[in-house]
Ligand code: IPE
Ligand code: IPE
Ligand code: MG
């Protein structure tokens, strides 16, 4: 009945009625790479009559929680959409706050990430980031570059269309200067020009807050990814939500065009 109600309400992804445990998940295949569109911070704050930035701050704590759990489950890479190339359209005060968050996050949690063997990376156009944001990230990348645990990849000032255009420009330049032959351009070569480079394509994409769209996120890399959408707003996302997403992933039959 509950399931039917959710269906009628148009809930994008009904939760399994039973609570999923870590042990349940560890019996199945753990997705190698999980990508998350962390959405709904503003609405979370609005519901509480708080300024939007309060939602972003709360969302930052969830990043820590989910990184820790993904690492414990043996996920190899976690890509988190933190700021899109389109998010500059927001009011300056909100953008300024969002650009301070990576610093606050890393000032607070970098020692823990180092201890947990997490390797921090970033993908996006770094040239447009404020100096203070860039420096904090560079420091984290440097301090964690030899870590062998989870790759925590922040998509910051990231837009998939810009990423693809930049790759095309680079490839064209190399063909022009003779270092690349046009007939050697294939999917593997093209992928190597993208910002994800050595990362495998995501196995599982999660988007919170009930929006069913990609918002310019990893358009090439998500070609065969399993999608999982939830109404839960990012600041309310928790370990159980991640377990639910992975559990659903484990029930899916991936065919990659085969039978
Ligand atoms: C996601 O939450 C965080 C960023 C896009 C930076 P939003 O800020 O988009 O929250 P909503 O969608 O307005 O609720
Ligand atoms: C996508 O969320 C970007 C991030 C989560 C960083 P948005 O809130 O910007 O997406 P739209 O505008 O609803 O598509
Ligand atoms: Mg949003």
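What the table shows:
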{"quantity": "Criterion: surrounded by 19 or more Cβ atoms within 10 Å (Cβ to Cβ) and within 12 Å of residue 34 (Cα to Cα) - qualifying residue of 233, 242, 222", "calculated": "242"}
{"quantity": "Scope segment 71-118; condition in a strand (DSSP E or B) and either more than 16 Å from ligand 2 (Cβ to nearest atom) or in contact with a helix residue (DSSP H, G or I) (Cβ under 6 Å, 6 or more places away or on another chain) (or both); matching residues", "calculated": "77, 78, 83"}
{"quantity": "Residues within segment 25-44 that are without any contact (Cβ under 8 Å) to a residue 24 or more places away in the chain and within 16 Å of ligand 3 (Cβ to nearest atom), tallied", "calculated": "1"}
{"quantity": "Scope segment 47-57; condition surrounded by fewer than 21 Cβ atoms within 10 Å (Cβ to Cβ) and within 7 Å of ligand 1 (Cβ to nearest atom); matching residues", "calculated": "52"}
{"quantity": "Segment 216-239: number of residues that are within 17 Å of residue 44 (Cβ to Cβ) and away from ligand 1 (no atom under 16 Å from the Cβ)", "calculated": "1"}
{"quantity": "Answer from 161, 213 - the residue that is surrounded by fewer than 13 Cβ atoms within 10 Å (Cβ to Cβ), within 16 Å of ligand 2 (Cβ to nearest atom) and over 26 Å from residue 46 (Cα atoms)", "calculated": "161"}
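Every read-out reported here was derived from the displayed coordinates using simple, explicitly stated rules and does not represent laboratory data. Predicted model, so just to flag it, every value in this text is computed and none were measured. Glycine gets a Cβ as well: all are built from the backbone with ideal geometry, and neighbour counts include every protein chain shown.
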